[in-house]
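Chemist: Here it is: the structure, laid out below.
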Amino acid sequence: MGSKSDWDTMVHAAEMLDSLGVAHETKIVSAHRTPERLYEYARAARGRGLKVIIAGAGGAAHLPGMAASMTIIPVLGVPVETKSLKGMDSLLSIVQMPAGIPVGTLAIGKAGAINAALLAASILAAGDERLAERLERHRSEQTASVADSPE
Ligand code: RP5
């Protein structure tokens, strides 16, 4: 994530990964304030064995696109909700990547963070049958938890 202030949103991705048993790390890497940290992180990611990067950022959110430009690992972008523009700024700056460098963009805020984790797990499940089974179980439990009436 681009800032410690993004953690309130990105913690939902971390919690979903935890609940699915997906190993992960959480880092603050700012495209603006720590550009060299971003360069080193993205450049080293594949060699360190990382398989997917979830990048959450707000405002002029360059982090996902810049990370994606420096690695072929799939990058999932989470637009963090902002006070001034409600995250529309984050969304548009993450989703509107020019052709050639893809970022898989999720919804603004908590829903996007949760779905980024689920999508990362789906990507990883392509080569991990046990994770695929855990994802199937998660879906079944979610379905079973939906009441058929609001009262
Ligand atoms: C972005 O600027 C971060 O991703 C964060 O969402 C936003 C504001 O950061 P802070 O000023 O709260 O550190 O780089």
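The values are calculated or read from the model by the stated rules, or taken from the named source; none is laboratory data. The structure presented is a predicted model; accordingly, all values stated were derived computationally and were not measured. FYI the Cβ positions are ideal-geometry reconstructions off the backbone, even for glycines, and counts take in every protein chain you see.
Chemist: Within region 22-64, take every residue that is among the charged types (D, E, K, R) and within 14 Å of the ligand (Cβ to nearest atom) and give me the one that is surrounded by the fewest Cβ atoms within 10 Å (Cβ to Cβ). Steps first, answer last, please.
Modeler: Quick first cut of region 22-64, residues among the charged types (D, E, K, R) only: 25, 27, 33, 36-37, 40, 43, 46, 48, 51.
Next, from what is left, pick out any that are within 14 Å of the ligand (Cβ to nearest atom): 27, 33, 37.
Values: LYS27: 9, ARG33: 11, ARG37: 14.
Going through the qualifying residues, I end up with LYS27.
Chemist: Give me a count of the residues in region 42-57 that are out of contact with any helix residue (DSSP H, G or I) (no Cβ under 7 Å at 6 or more places or on another chain), outside any loop (DSSP other than H, G, I, E, B) and within 20 Å of LEU124 (Cα to Cα).
Modeler: The initial filter retains those residues of region 42-57 that are out of contact with any helix residue (DSSP H, G or I) (no Cβ under 7 Å at 6 or more places or on another chain), namely 43-50.
Imposing the further condition that a residue be outside any loop (DSSP other than H, G, I, E, B) reduces the set to 43-45.
Cutting the leftovers down to within 20 Å of LEU124 (Cα to Cα) gives us 44-45.
Residues in region 42-57 being out of contact with any helix residue (DSSP H, G or I) (no Cβ under 7 Å at 6 or more places or on another chain), outside any loop (DSSP other than H, G, I, E, B) and within 20 Å of LEU124 (Cα to Cα): 2 in total.
Chemist: Right, LYS27: closer than 12 Å to MET1 by Cβ, part of a loop (DSSP other than H, G, I, E, B), under 13 Å from the mean Cα position of the chain (by Cα) and modelled with pLDDT of 95 or more or not?
Modeler: Against the criterion (closer than 12 Å to MET1 by Cβ, part of a loop (DSSP other than H, G, I, E, B), under 13 Å from the mean Cα position of the chain (by Cα) and modelled with pLDDT of 95 or more), LYS27 qualifies.
Chemist: For region 56-78, indicate whether the set of residues that are among the β-branched types (Val, Ile, Thr), at pLDDT 95 or above and farther than 23 Å from ASP128 by Cα is non-empty.
Modeler: Checking region 56-78: at least one residue is among the β-branched types (Val, Ile, Thr), at pLDDT 95 or above and farther than 23 Å from ASP128 by Cα.
Chemist: Now, a different point. Tally the residues that are among the β-branched types (Val, Ile, Thr), more than 19 Å from HIS12 (Cα to Cα) and outside any helix (DSSP H, G or I), restricting the search to region 58-114.
Modeler: Going through region 58-114 one residue at a time, the tally reaches 5.
Chemist: Next question. Residue check: is SER19 among the hydroxyl-bearing types (Ser, Thr, Tyr), under 16 Å from ALA116 (Cα atoms) and surrounded by 14 or more Cβ atoms within 10 Å (Cβ to Cβ)?
Modeler: No, not satisfied.
Chemist: Same structure again: Within region 12-60, how many residues turn out to be in contact (Cβ under 8 Å) with a residue 40 or more places away in the chain and among the hydrophobic types (A, V, I, L, M, F, W, C)?
Modeler: Adding up the residues that qualify gives 10.
Chemist: For GLU15, all conditions in the list (1) within 16 Å of the ligand (Cβ to nearest atom); (2) in a helix (DSSP H, G or I) hold save one; what is the number of the exception?
Modeler: Among (1) within 16 Å of the ligand (Cβ to nearest atom); (2) in a helix (DSSP H, G or I), the lone unmet condition for GLU15 is (1).
Chemist: Something else about it: Within region 79-98, is even one residue surrounded by 13 or more Cβ atoms within 10 Å (Cβ to Cβ) and away from the ligand (no atom under 16 Å from the Cβ)?
Modeler: Within region 79-98, one or more residues are surrounded by 13 or more Cβ atoms within 10 Å (Cβ to Cβ) and away from the ligand (no atom under 16 Å from the Cβ).
Chemist: Would you mention how many residues in region 115-151 are of a type in the set (Asp, Glu), in a loop (DSSP other than H, G, I, E, B) and within 20 Å of HIS12 (Cα to Cα)?
Modeler: Here the count works out to 0.
Chemist: Considering region 65-77 alone, what residues qualify as being within 16 Å of the ligand (Cβ to nearest atom) and over 13 Å from HIS24 (Cβ atoms)?
Modeler: Listed by number, the residues that qualify are GLY65, MET66, ALA67, ALA68, VAL75, GLY77.
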